[in-house]
Amino acid sequence: MKPFLIILILLLAIILQTTAAPFLSISGNSPNLVLVLILILVTFKDFKEIWWNVVLAGLFLELFSGLIFGLISLSLIGSVYLIDWLKKNFSTIKFWLRTGFIGLGILAYNLLLISLGRLFHIDLFFNLKYLFINIIYNLLIMIIFFFLGYVAKKVFYQK
């Protein structure tokens, strides 16, 4: 995928996440579109190729969050690096393994965000039910993104 297209999709996801995603909240959980897109990207590409996308997306998200600057970026980079490290142990990655990696990445992101928040004495809401709903909700968003990508591939790359 072209770098310009990746940046454009990430900027669109950031705009949607800050404007429309709060209206799609379920039990206080809003979809984290940028996290899901970044995790999908890292399951297809190497971290060394996309690290600047991760940093750029994290910095843009920092502008709209009410947290300490750098908290979201560090959590995003940590979870993406973990998934990239785990991905290197597999020669081929099928859909269900990719889904598992993305679910693990969402879990790692939330745990890192909560841990770093506690380190900086920020009281972030933590509940296992909330975390479970967050993972399931974002995995559903991931499946929708995969379906949209499949449809776009069929429509725009016909032979």
TODO: Tell me, yes or no, whether region 97-112 has at least one residue that is modelled with pLDDT of 85 or more, assigned to a helix (DSSP H, G or I), loosely packed, with under 13 Cβ neighbours inside 10 Å and not basic (Lys, Arg).
DONE: no
Open item on the list: As an exercise: evaluate Leu56 against (1) surrounded by fewer than 19 Cβ atoms within 10 Å (Cβ to Cβ); (2) touching a residue at least 40 places away in the same chain (Cβ under 8 Å); (3) more than 22 Å from Gly149 (Cβ to Cβ) and give the number of the one condition it does not meet.
Closed with: (3)
TODO: Tell me, please, whether a residue that is buried (at least 19 other Cβ atoms within 10 Å of the Cβ) and assigned to a loop (DSSP other than H, G, I, E, B) can be found in region 39-51.
DONE: no
- [ ] Report, ordered by the first and then the second residue, all pairs with beta carbons closer than 7 Å, sequence separation of six or more or different chains, a first member in region 31-45 that is farther than 14 Å from Leu12 by Cβ, and a second member that is modelled with pLDDT under 90 and not in a helix (DSSP H, G or I).
- [x] Thr43/Ile93
- [ ] Just give me the residues in region 83-96 being surrounded by fewer than 16 Cβ atoms within 10 Å (Cβ to Cβ) and in contact (Cβ under 8 Å) with a residue 40 or more places away in the chain, in sequence order.
- [x] Ile93, Phe95
Task: Output for region 17-38, where each listed residue is assigned to a helix (DSSP H, G or I) and either in contact with a strand residue (DSSP E or B) (Cβ under 9 Å, 6 or more places away or on another chain) or surrounded by 15 or more Cβ atoms within 10 Å (Cβ to Cβ) (or both) - done: Gln17, Thr18, Ala21, Leu33, Val34, Leu35, Val36, Leu37, Ile38
TODO: Kindly indicate which of Val34, Val55, Val42 is within 13 Å of the chain's Cα centre (by Cα) and more than 18 Å from Asn138 (Cβ to Cβ).
DONE: Val55
Task: Filter result (part of a helix (DSSP H, G or I), free of Cβ contacts under 8 Å to residues at least 60 places away in the same chain and aromatic (Phe, Trp, Tyr)) within region 145-159 - done: Phe147, Tyr150, Phe156
- [ ] Under 8 Å between Cβ atoms, at least 6 apart or on separate chains: pull out the pairs that start in region 123-144 with a residue that is outside any helix (DSSP H, G or I) and end on any residue that is exposed (fewer than 14 other Cβ atoms within 10 Å of the Cβ) and of a type in the set (Lys, Arg).
- [x] Leu124/Arg118
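The values are calculated or read from the model by the stated rules, or taken from the named source; none is laboratory data. Please read these numbers as outputs of a predicted model, since none were measured by experiment. Don't worry about glycine lacking a Cβ; one is built from the backbone with ideal geometry, like all the others, and counts go over all protein chains shown.
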